[in-house]
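The values are calculated or read from the model by the stated rules, or taken from the named source; none is laboratory data. A quick note: this is a predicted structure, and the numbers were derived from the prediction, not measured. A quick note on method: Cβ atoms are made from the backbone with ideal geometry, for glycine too, and the neighbour counts reach across all protein chains shown.
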């Protein structure tokens, strides 16, 4: 080998060696650079969210949407209490009728089961019957074919009856988990009754729901008993009615009025703003056209091509004038600039201002003759003396040269309407008036509520447990509701449409906000809390399941497994990490969701919190799949940590007479604990950042899960931070507030994962430096 | 501590039984993981294999199509692509179609998603390997243990933990809407764009179209802009306001243009000084010019020749193949760096020392005694790492994946060198995104199911093959590299 040190290569003063070194170094620094870029770009796109949202919120206050939200909040709080009362009433009402109710629901459930059993043939039959109904010519070839199909399918289904009846065997039927039918309802029917229902469903024309005479019979009985029961539960009904109708109605009316009013203000103000933006756009066209028309004579044909007839249309000129008057208005309050205007020009400007508000004819005159004199304007108002946009606009507009009297007069007329600022104060007055109504409604609630409370039946006298619980609950809730409503009343009284929106409130709206609504008819909200709780709960479920399994697997593989087992198990479990998340998400949506839901109907598992599950896609399902995804990560890292425990520890423990198990649990695991913690943390980072599984499986409902269920909360559907980004980004227009809000969520996610990563690296470093 | 009984290691008789039971529990939880894994693989294979067997090779070569499913009068289920359905309707006008359903992209095969994924992976490999291997060489061979080295390692470990969706956001903000591009077309937002001086590139590159140049614009006019373009066989005048928003478009008489080439006037029309000629545009204006104008043109023509139409704009690549590929590359970069570093570390120090002892320079030592031994390992392990990340959906969802049934190179409009640019700026379909699209439809439906099952199986087969190869090769290399 010839190592020739002398070579003449030099670039930018660097020799070949240094050049190569810096090339490699530059690539290495790209990693650092990229991390910085990621942060910078998320912040760059995200931080403008706050000013944008701030402005939005300010507008919401200005138009009174904030006001209507408070009224709504009061109304919702009130409904929460009456809802509980209503449930008590319904339970009491249904009490004498519970047998019939169980029969009806058993009937419906059986029908659904039969439908599921028959599958597509029933679907085809229904479609055929439908098409036959719509057939205009009953003698046509198509119609005859349809008839044949219907006859054939009916015969086929008839033929399947014995098979169906066999499948619907009441004894067997009991074991079939079915989401539509509660086990309690099914249990309340005796075997004979169940057989009757099954016969009714199978025998009769079940493809037309409700045709069965048996169903009609129980339905009729049901209605009769219900009517009879309402006589018995009359007093309760009166109370419910007085709460629901007499008190809720005025509150609801106030809410409706406030929200309709404020939405209409918003729409009008928006359209005003939109038009003024349009004006600005059109002004550009108009200015270009005016400019072009001035020079048209000079440049002749070329310009005539460019100008185009459309540029000079009346429409453009209309907006030209609007902008003109607007600029003048803007000029007038600006004292300094206004005073600096040469007297002659100022006279004209004043004339124009007066002309707009009063005498149109004069305005027209000034516009027509003022052109030359106003040309002095740019010199009179030097740059920097006023808003540059306005100054430029004004300069442009002093050049106006043509226009007809009638048109300008009309325009000036419209301009006045436009140029008056939107009367937010006038509109807000209506809302101020509503506050009095609200307060009187609150007094009514308090007065009537107290009376009704006294009339409430004693819980002991009620038939059902539900009613007893709800009545007791209502007594507590009602006091809280009144407090909430009064609080809202105080807020409403202090509401001012022009109170500036505080920055802390904007920050709070994002970081503490409990609502995320985009493209809303009322108002857009960006509160991260529901997503954050969803993400955290799912992650916790996943880790609670994954950590014990993964760590015990790591302990087993590392400490107890034979060499062959180790060689087989380790790559297999690591291999799980290679399964793409989208595949697991698909399995979740297709298989796991339904499986868990039907399993939750088993009586055996009914003691579990949250069972039976209402929604097929929920946090528990997502947590299960994510647990499976987190296992390989936690396993690999924990196994690694166990490997790093010096063998002297083990030998020492053995020599002291410890068993293998004791050695593992008292010596090796504690020694590798920080490694296991780091593994758990990294698993946390991986799970909270997972997108596709939660997007497909978590249910995507934007609401804070109902924690009143206790542990059952895990069976609720939820949205996640990653999910909302993946779902919302496709719909949010670039650079809109919604788009930036998603970047803010991404930023929060990035910070969480960076923090977790940092902490776990610290732990690992400390641990390995000891080991 | 009590000296009689060792409180840590107490050995009671019944303890041994408990211990055995607990170890058994550990074994169970280990095999439980394997069992679940086997269940998943089993289900994917059982559902997907019939589809693959039924459709055969056409499942891999055909592109996704719209599918229509219905029952005929004999209760036979038909699954026809929309073209086939049209033929069917034509053939039997009186046909009875019952329970008809249709869904997009569920028929045909997975040809275009496969091709899209391959292109994405190629882009990703090209970028991430170049940077990743160089970075690993620097970290392992050049840098001393110091601040920079530690900072880089910290950055690499932090990058590994960042969620894929955040990479997606970054790719969207950076590659799709910020990255500088050189284009021949006039950027939409001129405030983010600069014209590249024509002396910097050969004239053939951008010598197309014609333009009306503007000079001597007063600052007062700087807020308006009219862009003249030749599109759809006519002259088009587009007006933009000060913010760069499009306001209005005016189409002029047909002038027989062949290609829609955008030509522009920037800023203002204060003084129009010339028309540059191309495609007969000059003829179009010739007989209408004034004498004054002709003089201006002849005076300014030499100056105008310097001005051509390449733009450097910061408007990004838009969602495209290259943006998605680079986003994926950013994601795999830390993985590539760490695996390459591991491989380099495995080369014995003695190799380097021997080179230095013979008087080799640093680079000679690396290129002759380190890289030849490390390069195969680095290439293989990082390619496999990249292929595994290629299964991610979230980073490409917004940066370039697009539900379509066509290959990305079909129907390119540009010519010459620009064809390549246009190709890379196309969106494409990719396997994981295709599966996502299918699963977001009703995955239980008979119509969607076969395609979904087949696609998942093919995807899993590829991933499994890659992962197995990865494990085996790692073992092989380790064995060979044992010095």
Cβ-Cβ under 6 Å pairs, at least 6 apart or on other chains, segment A:117-137 side facing chain B (nearest Cβ under 10 Å), far side exposed (fewer than 13 other Cβ atoms within 10 Å of the Cβ): none
From A:568, A:617, A:532, A:536, residue being out of contact with any strand residue (DSSP E or B) (no Cβ under 6 Å at 6 or more places or on another chain) and either in a loop (DSSP other than H, G, I, E, B) or crowded, with 19+ Cβ neighbours inside 10 Å (or both): A:532
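For (1) more than 10 Å from every other protein chain (Cβ to nearest Cβ); (2) modelled with pLDDT of 75 or more; (3) in a helix (DSSP H, G or I), each residue gets a yes or a no:
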{"site": "B:436", "(1), (2), (3)": "no, yes, yes"}
{"site": "B:467", "(1), (2), (3)": "no, yes, yes"}
{"site": "B:473", "(1), (2), (3)": "yes, yes, yes"}
{"site": "B:478", "(1), (2), (3)": "yes, no, yes"}
If you go through segment A:637-650 one residue at a time, do you hit one that is within 14 Å of residue A:557 (Cα to Cα), within 11 Å of chain B (Cβ to nearest Cβ) and without any contact (Cβ under 8 Å) to a residue 60 or more places away in the chain? no
I'm checking my understanding of the structure. Among residues of segment A:661-686 that are free of Cβ contacts under 8 Å to residues at least 12 places away in the same chain and out of contact with any helix residue (DSSP H, G or I) (no Cβ under 6 Å at 6 or more places or on another chain), which one is nearest to the other protein chains (Cβ to nearest Cβ)? A:662
Quick one: which helices (runs of 4 or more DSSP H) sit completely within segment A:665-771 and have at least 2 residues that are more than 27 Å from the chain's Cα centre (by Cα)? A:673-688, A:737-770
Number of the condition not met by residue B:387 [criteria: (1) within 13 Å of chain A (Cβ to nearest Cβ); (2) farther than 30 Å from residue B:462 by Cα; (3) part of a helix (DSSP H, G or I)]: (2)
Assess whether residue A:609 counts as being away from chain B (no Cβ under 14 Å) and in contact with a helix residue (DSSP H, G or I) (Cβ under 6 Å, 6 or more places away or on another chain). yes
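Listed here are the residues, each with its yes/no results for (1) within 30 Å of residue A:682 (Cα to Cα); (2) in a strand (DSSP E or B).
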site	(1), (2)
B:66	no, yes
B:70	no, yes
B:89	no, no
B:105	no, yes
B:113	no, no
B:117	yes, no
B:123	yes, no
B:139	yes, no
B:156	yes, no
Across segment A:138-151, the tally of residues that are within 8 Å of another protein chain (Cβ to nearest Cβ) and surrounded by 16 or more Cβ atoms within 10 Å (Cβ to Cβ) stands at 4
I'd like to check something: does segment B:346-357 contain any residue that is away from chain A (no Cβ under 14 Å), part of a helix (DSSP H, G or I) and in contact with a helix residue (DSSP H, G or I) (Cβ under 8 Å, 6 or more places away or on another chain)? yes
Residue within segment A:719-731 that is in contact (Cβ under 8 Å) with a residue 40 or more places away in the chain, surrounded by fewer than 19 Cβ atoms within 10 Å (Cβ to Cβ), at positive phi and more than 10 Å from chain B (Cβ to nearest Cβ) present: no
May I ask you to say which residue of B:40, B:57 is modelled with pLDDT of 85 or more and within 10 Å of another protein chain (Cβ to nearest Cβ)? B:40
Give the residue, chosen from B:16, B:98, B:80, that is more than 8 Å from chain A (Cβ to nearest Cβ) and touching a helix residue (DSSP H, G or I) at 6+ places or on another chain (Cβ under 9 Å). B:80
Residues within segment A:549-590 that are without any contact (Cβ under 8 Å) to a residue 12 or more places away in the chain and more than 8 Å from chain B (Cβ to nearest Cβ), tallied: 7
Mind listing just one residue for me: the one in segment B:88-114 that is in contact (Cβ under 8 Å) with a residue 40 or more places away in the chain and surrounded by fewer than 20 Cβ atoms within 10 Å (Cβ to Cβ) and, of those, farthest from residue B:384 (Cα to Cα)? B:101
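Yes or no: residue B:52 touching a helix residue (DSSP H, G or I) at 6+ places or on another chain (Cβ under 6 Å) and at pLDDT 85 or above?
For residue B:52, the condition - touching a helix residue (DSSP H, G or I) at 6+ places or on another chain (Cβ under 6 Å) and at pLDDT 85 or above - is met.
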Has segment A:591-606 got any residue that is buried (at least 22 other Cβ atoms within 10 Å of the Cβ), closer than 29 Å to residue B:20 by Cα and more than 8 Å from every other protein chain (Cβ to nearest Cβ)? no
So the check is Cβ under 8 Å with 6+ separation or different chains; which pairs have a first residue in segment A:30-54 that's touching a residue at least 40 places away in the same chain (Cβ under 8 Å) and a second one that's outside any helix (DSSP H, G or I) and buried (at least 19 other Cβ atoms within 10 Å of the Cβ)? A:38/B:162; A:49/A:526; A:53/A:526; A:54/A:501
Filter segment A:40-70 down to residues that are within 14 Å of chain B (Cβ to nearest Cβ) and buried (at least 16 other Cβ atoms within 10 Å of the Cβ) and give me whichever is nearest to residue A:495 (Cα to Cα). A:49
Among the candidates A:679, A:698, which residue alone is surrounded by 19 or more Cβ atoms within 10 Å (Cβ to Cβ) and touching a strand residue (DSSP E or B) at 6+ places or on another chain (Cβ under 8 Å)? A:698
Residue A:658, sole failed condition from (1) touching a residue at least 60 places away in the same chain (Cβ under 8 Å); (2) outside any helix (DSSP H, G or I): (1)
What do you reckon, is residue B:67 surrounded by 15 or more Cβ atoms within 10 Å (Cβ to Cβ), more than 10 Å from chain A (Cβ to nearest Cβ) and at pLDDT 80 or above? yes
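Suppose we keep only residues that are surrounded by 24 or more Cβ atoms within 10 Å (Cβ to Cβ) and within 26 Å of residue A:526 (Cβ to Cβ) within segment A:745-771. Which one would you say is farthest from the other protein chains (Cβ to nearest Cβ)?
A:745
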